[in-house]
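One structure is given here, and the rest of the page talks about it.
The values are calculated or read from the model by the stated rules, or taken from the named source; none is laboratory data. Note that the coordinates shown come from a computational prediction; the quantities given were computed from them, not determined experimentally. Note that each Cβ is placed from the backbone with ideal geometry, even for glycine, and that neighbours are counted across all protein chains shown. Note: accessible area is taken over every heavy atom of the protein model, side chains too, but ligands, DNA and RNA are not part of it. Shrake-Rupley method; radii C 1.70, N 1.55, O 1.52, S 1.80 Å.
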Amino acid sequence: MQNFATSPAIVHQVVPLSALAKQVILLEDGELPLPDTGVFNDVMAYLGFELGSLFHQNQLDYTTRQLIREKYQHTCQYCGRRGDSVDHKDPVFVSQDNSLANLTLACQECNRLKGDMPYALFQRLNAQIKPLNQALVGFENTLNNLQQMINTNRHTLAAQQHLTSDPSAPVLEPFRRKAKDLQFVYDSVQSDYQKRIQLRHDFIVSNALVHQRYQS
């Protein structure tokens, strides 16, 4: 599903997401045996979607993808946040280069944002907003910590409810207030986080468009 999400737009035109999802559900439910290959084209063919030459250049198997993830310690090499999406620096349908030197690790957001953009251009634009990227890493860490606090408080509240056997017991009120406060902080941070993500997206997309028009 991740490989499908980051594949060229022509693949999405040929393979409806809903149809692919139904086949994946069959795999998860055990109604369809798992394929004995990790190559994207072969897996898609196994699921009933012949891509032919639409995506024939990307022949990365699971072992190669896992190697890249471990090499970069599951860290996006563009923004510094957690990443698990193996990205071709130079678009594979242009370069036809599946060598390790042409592979890096990205978060799904950066993978989509870069798209078919030349690697050097994306790196140049990305370098201009280094402080913003660092801020995004901070936001991600803060949200992860807040989510852990929310989960811990939720589990503690559930345990206290079990011990008291009384949902209205006064001893539960502090945990409920804490849950409300934590959720408020989480939502506020998430809102600021999304604004900065959009700011980064707009900067890179608009400047890439300017570059493309200048080149043409």
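Before anything else, pin down the relative contact order of segment 93-216: Cα pairs under 8 Å, at least 6 apart, normalised by residue count, whole percent.
Computed value for segment 93-216: 38 percent relative contact order.
For segment 101-141, what value does the Rg/Rh ratio take when both radii are computed over Cα atoms and Rh is the Kirkwood radius, given to two decimals?
Using only Cα positions, Rg/Rh for segment 101-141 is 0.98.
How much of the pair distance distribution for segment 76-216 lies past 18 Å, counting alpha-carbon pairs only, in percent?
66 percent
Would you compute, from DSSP H runs of 4+ residues alone, the mean residue ellipticity of the chain at 222 nm, taking -39500 (n - 2.57) per run and dividing by the full residue count, rounded to the nearest 500?
Estimated from H runs of four or more residues: -20500 deg cm²/dmol.
Taking amide H atoms as placed 1.01 Å from N in the peptide plane, list the residues 5 or more away in sequence, or in a different chain, whose amide H sits under 5 Å from that of G83.
Residues meeting the criterion, in which the H sits 1.01 Å from N, are T75, C76.
With +1 on each Lys and Arg Cβ and -1 on each Asp and Glu Cβ, how big is the dipole of the chain about its Cα centre, in debye rounded to the nearest 20?
Dipole magnitude for the chain comes out near 980 debye.
Where Lys and Arg each count +1 and Asp and Glu each count -1, what net charge lies around N144 among other residues with Cβ under 12 Å from its Cβ?
Net charge in that neighbourhood comes out at +1.
Can you list the cysteines of the chain that have no other Cys Cβ under 4.7 Å away?
C79, C110
Could you give the size of the charge dipole of segment 143-216 about its Cα centre, using +1 on the Cβ of each K and R and -1 on the Cβ of each D and E, expressed in debye and rounded to the nearest 20?
220 debye
Among V43, V205, what's the order by accessible area (1.4 angstrom probe), most exposed first?
Sorted by accessible area, descending: V205, V43.
Amide H neighbours of L103 under 5 Å, counting only residues 5+ apart in sequence or on other chains, H built in-plane at 1.01 Å?
K89
With charges only on Cβ, +1 for K and R and -1 for D and E, what is the dipole size of segment 86-213 about its Cα centre, in debye, rounded to 20?
For this selection, approximately 260 debye.
In a Gaussian network model over the chain where Cα atoms closer than 10 Å are linked, find which of Q23, Q161, Q123 has the largest mean-square fluctuation.
Q161
Considering the options N102, I10, Q134, tell which one lies farthest towards the positive end of the dipole of the chain, charges being +1 on Lys and Arg and -1 on Asp and Glu at the Cβ, about the Cα centre.
Q134
Can you work out the Karplus-derived ³J(HN,Hα) for every residue in segment 101-118? Use 6.51 cos²θ - 1.76 cosθ + 1.60 with θ = phi - 60°, whole Hz, and x for glycine or proline.
With the stated coefficients, segment 101-118 comes to 5, 9, 10, 9, 10, 9, 6, 5, 5, 5, 4, 5, 5, 5, x, 9, 5, x Hz.
HN-Hα J couplings of segment 177-185 from phi, Karplus 6.51/-1.76/1.60, θ = phi - 60°, integer Hz, Gly and Pro as x?
Each residue of segment 177-185 in turn: 5, 5, 4, 5, 5, 5, 5, 4, 5 Hz.
Heavy atoms only, probe 1.4 Å: what % of the accessible area of the chain goes to carbon and sulfur, would you let me know?
Carbon and sulfur atoms account for 54 percent of the accessible area of the chain.
If you plug each phi of segment 123-136 into the Karplus form 6.51 cos²θ - 1.76 cosθ + 1.60 with θ = phi - 60°, what whole-Hz ³J(HN,Hα) values come out, in order, with x for Gly and Pro?
So the J values, rounded to whole Hz, are 5, 5, 5, 5, 5, 6, 10, 4, x, 5, 4, 5, 5, 5.
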